[in-house]
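The values are calculated or read from the model by the stated rules, or taken from the named source; none is laboratory data. Remember, predicted model here, so these are calculated numbers, not experimental data. Heads up, the Cβs are rebuilt from the backbone with ideal geometry, glycines too, and the neighbour counts pull from every protein chain shown.
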Amino acid sequence: MIVVSAIWILLLLGVGGYALDRVLTRELTRSFDGGLEYSLNALIASAEIGPDGEAYLNRPPADQRFIEPNSGLYFQISVAGGKAATGAAGNVDLDFPSRSLWDRRLQVSSRHNDFDVHVYNSQEFPDETLRIVERDVRIPGSALRWRFQVAQNREILDDQIDELRKTLVRAFGVLGFGLLVLAALQAVYGLWPLRRVRQAIVAIRSGERSRIDERFPREIEPLKDELNALLAHNEQQAEEARTHAGNLAHALKTPLTVITNAATAGSTDLPETVCREATTMRRQVDHHLARARAIGRRSSTQARSDVWPALVSVERAVSRLYENVTIDLAGDKKAAVRVERQDLDEMLGNLIENAAKYGGGRVFVTVKTTPKCVEVEVEDDGTGIPEAERVSIFARGARLDTGKPGTGLGLAIVRDVAEIYGGGIALEESEDLGGLLARLKLPLCAA
């Protein structure tokens, strides 16, 4: 940031300084030329023709430097065309130079043939660079065209320009240095809170603290809040993992103890005990694996599944298992949820299979879309579940009808997976079919 700011500042100062130098130099030169042109007009106004046809001034020039030899300010009145001319008698020089020229003369060139004012630099004097203003004029009483020239040593103008440029360099140098210091201070001061954030993260990693508690500028506060939220999320996931591992260990501990005791005691029904307890352990493992898979896929922000194709697929599979059950689907066919397709199939499969297994032969599934979620209602015409037992039925392994095969984990898996995605499930009584109504709510995925 400091380097980029320095390059940009130097570039702008360079361009601005050059432009300002051009403007001020042009104005100084214009002012210098204006003084010469003023003297030129004064000469033209006071010029007359003598009896021998020579040019002369009816009043002396106001600037005394025209009188002092080699003063640096000169004028000359000459016949235009570049050649010296003489009077009618042949012994009168018509050119009229200023006394400051002494024994020198200004060159009269034929580069232009008009009556406009011309300004140019000249190196015709070896020790001086002249700034010359000239104009051709016809003086009343003369048939010749006269060239009026006023010349001045450029040294004064060049000294003024040099002093101006020194002032500009000093001023822009101080300004540039100040801006660079300001940019450096701004970058260091502005980024200093990020260094404090880094130090706080180092303290968290070393175990000295668990959160970033300092106050920061309002531009950094959102970063601090997001970091604290990330830390809280990681702690929650770690706690979920510990709880999950503890639940799995507890669920497997009892069947393993039963198998160990039966084997140690030499029980005659050891094979039956092993098969029974192994089935219990398998359903516990299946449940925890399904929950772990859902947690792993929950972080995907791009998760999206269409509900209707999943329902059709599940309905087709369940209909093959329970051929005497009629499953009707209705509702919003364009509904989509923020759930992975595999997890959606597993939740819908458990609910519809339970309705087919424990119902009286009819299952009705309705899809509804609300502003915040998608509701999937699964109804059956069975005996339903008493209201007092609609909470305990979600416990792992809980079953009301032990006469039919199953693990008792279907509703528990549906509840856990739905809650992982921010949804939920509720059990109610079906008003149309009279049996159980399972209302599954999942987060809506906008189109």
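Of note, GLY360 satisfies the criterion of being in contact with an Asp or Glu (Cβ under 8 Å, 6 or more places away or on another chain) and surrounded by fewer than 16 Cβ atoms within 10 Å (Cβ to Cβ).
What are the residues in the stretch 39-59 that are loosely packed, with under 13 Cβ neighbours inside 10 Å and in a helix (DSSP H, G or I), if any? Within the stretch 39-59, ALA45 is the sole residue that qualifies. The set of residues in the stretch 330-359 that are of a type in the set (A, V, I, L, M) and either within 25 Å of PHE394 (Cβ to Cβ) or free of Cβ contacts under 8 Å to residues at least 24 places away in the same chain (or both) comprises ALA335, VAL337, VAL339, LEU344, MET347, LEU348, LEU351, ILE352, ALA355, ALA356.
Applying the criterion of being in contact (Cβ under 8 Å) with a residue 40 or more places away in the chain and assigned to a loop (DSSP other than H, G, I, E, B) to the residues of the stretch 103-125, the residue that is farthest from GLU68 (Cα to Cα) is VAL117.
For the stretch 97-124, a tally of residues being at pLDDT below 90 and buried (at least 16 other Cβ atoms within 10 Å of the Cβ) returns 1. Taking the stated definitions as given, is LEU185 within 28 Å of ILE9 (Cα to Cα) and within 35 Å of the chain's Cα centre (by Cα)? Criteria met by LEU185.
If the condition is being surrounded by 15 or more Cβ atoms within 10 Å (Cβ to Cβ) and either of a type in the set (D, E, K, R) or not assigned by TED's automatic domain parsing to the domain that holds ARG154 (or both), then the stretch 21-36 contributes ASP21, ASP33. Every condition in (1) surrounded by fewer than 13 Cβ atoms within 10 Å (Cβ to Cβ); (2) in contact (Cβ under 8 Å) with a residue 60 or more places away in the chain is met by LEU175 except one, and the failing one is (1). Say we look at the stretch 363-382 and pick out the residues that are among the aliphatic types (A, V, I, L, M) and under 13 Å from LEU329 (Cβ atoms); which of these is surrounded by the most Cβ atoms within 10 Å (Cβ to Cβ)? Filtering the stretch 363-382 for residues that are among the aliphatic types (A, V, I, L, M) and under 13 Å from LEU329 (Cβ atoms), the one surrounded by the most Cβ atoms within 10 Å (Cβ to Cβ) comes out as VAL363. Taken together, the criteria exclude GLY397 from residues that are surrounded by 15 or more Cβ atoms within 10 Å (Cβ to Cβ) and either within 28 Å of THR280 (Cβ to Cβ) or at pLDDT below 90 (or both).
If a residue must be closer than 20 Å to ASP63 by Cα and out of contact with any strand residue (DSSP E or B) (no Cβ under 9 Å at 6 or more places or on another chain), how many such residues does the stretch 1-37 contain? Residues that pass the stated criteria total 3.
Listed by position, the helices (runs of 4 or more DSSP H) contained in the stretch 258-364 that have at least 3 residues being modelled with pLDDT of 90 or more are 307-321, 341-358.
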